[in-house]
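Data first, discussion second: the structure below is written as structure tokens.
The values are calculated or read from the model by the stated rules, or taken from the named source; none is laboratory data. On a predicted model such as this, the values are computed, not experimentally measured, just so you know. Here Cβ is always computed from backbone atoms with ideal geometry, including for glycine, and neighbour counts include all displayed protein chains.
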Amino acid sequence: MFPPRWFLPYDAIFVLIAAFVALAVALYALHGYRWIRERTLYVLFLAFLLLSVGLFINGITLGYSYATGVTFSKFGSSSLVADVGFWAYYLMSMVAYSLLAFAYAKRLRESTIALAAGGTMGKGQGSGGIGTSLVAAGPVMELVLVILLLVILIAQLADLTVKHNRYSTLVTVSFAMLLASHILFMFSSIGDVIYVVGRVMELAGFISLLSVLLGLRGAK
Amino acid sequence: MSGPQKYRSKGRIFADILRALQEGPAKVTHILYRANLSHDRLTKYLAQLEESGLIARQQEGDRTVYSITDKGEKFLVEFRRMEEFANAFGLDI
């Protein structure tokens, strides 16, 4: 990630909004799990809780970076705290998306949809190496997230061909946006605008998830 | 609508039994037919549902009749919501 300095305050706000949406999804799944006691709901709860915590850490790290004047370059950031914060965010996101990908792979294996989408799960985790600066390793970490999101999106699209409902479409759009945002983050060293567009797309993806949640809560 | 499933989850079986009771109090044989369960499994699930307060048992002469409680109705509402929620993510419950 190469967040432009001028964008850091907005970046932190965008990420914190996304964290709140992820937390809302997690709590909704937990509410359902308490009633229904279905493992699928618990997996959704865990995945979105981890995503939420990761995003909160990321938002706080971005805010800290702005407040303390941390600078970012291709060779790393000037703060160990910022590096640790970003690592925590990436690791939590990876585990969260891995959980979702696992749930999809399990579902696909059990269903009649013949799609081998599970093969890429877990690949590349832990890349970057101890002592590697986060900003330098960022594109690799983003690549892992892109692979995981691609697995999720393929599974979601396969499901969408069977079910044609509004909420499935919105969730598919959300994951497509998240995937696009992480692809853009991978190439954010090219220009500030790529990073900014990536962050806006990520936020749009989470807003789309929020609309699903609000729609379902309002449903009888 | 959910996709093809190899088996029904416990939550779904609970929901099927409760739906069978939504039309009114019913005997075991009626629930058995509606929920498509064997007698042994149904007996086990009915005991669990009763213990959870989702159904109530009444004795009518020498017959046992089951009815859905308010908590059972609430369970069905939540089940439908969660079914849609999981379906939106391409997952089944």
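Can you tell me which of B:Ala88, B:Ala47, B:Ala56 is within 14 Å of chain A (Cβ to nearest Cβ) and of a type outside the set (Lys, Arg)?
Among B:Ala88, B:Ala47, B:Ala56, only B:Ala88 is within 14 Å of chain A (Cβ to nearest Cβ) and of a type outside the set (Lys, Arg).
So which of B:Gly72, B:Gly53, B:Gly3, B:Gly90 ends up being modelled with pLDDT of 90 or more and part of a loop (DSSP other than H, G, I, E, B)?
Working: B:Gly72 fails: part of a loop (DSSP other than H, G, I, E, B); B:Gly3 fails: modelled with pLDDT of 90 or more; B:Gly90 fails: modelled with pLDDT of 90 or more.
So the residue among B:Gly72, B:Gly53, B:Gly3, B:Gly90 that is modelled with pLDDT of 90 or more and part of a loop (DSSP other than H, G, I, E, B) is B:Gly53.
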Scan segment B:28-48 and give yes if some residue there is surrounded by 14 or more Cβ atoms within 10 Å (Cβ to Cβ) and of a type in the set (Phe, Trp, Tyr), otherwise no.
yes
Pull up segment A:177-201, narrow it to residues that are touching a Leu at 6+ places or on another chain (Cβ under 6 Å) and within 22 Å of B:Asn87 (Cα to Cα), then point me to the one that is nearest to the other protein chains (Cβ to nearest Cβ).
A:Leu178
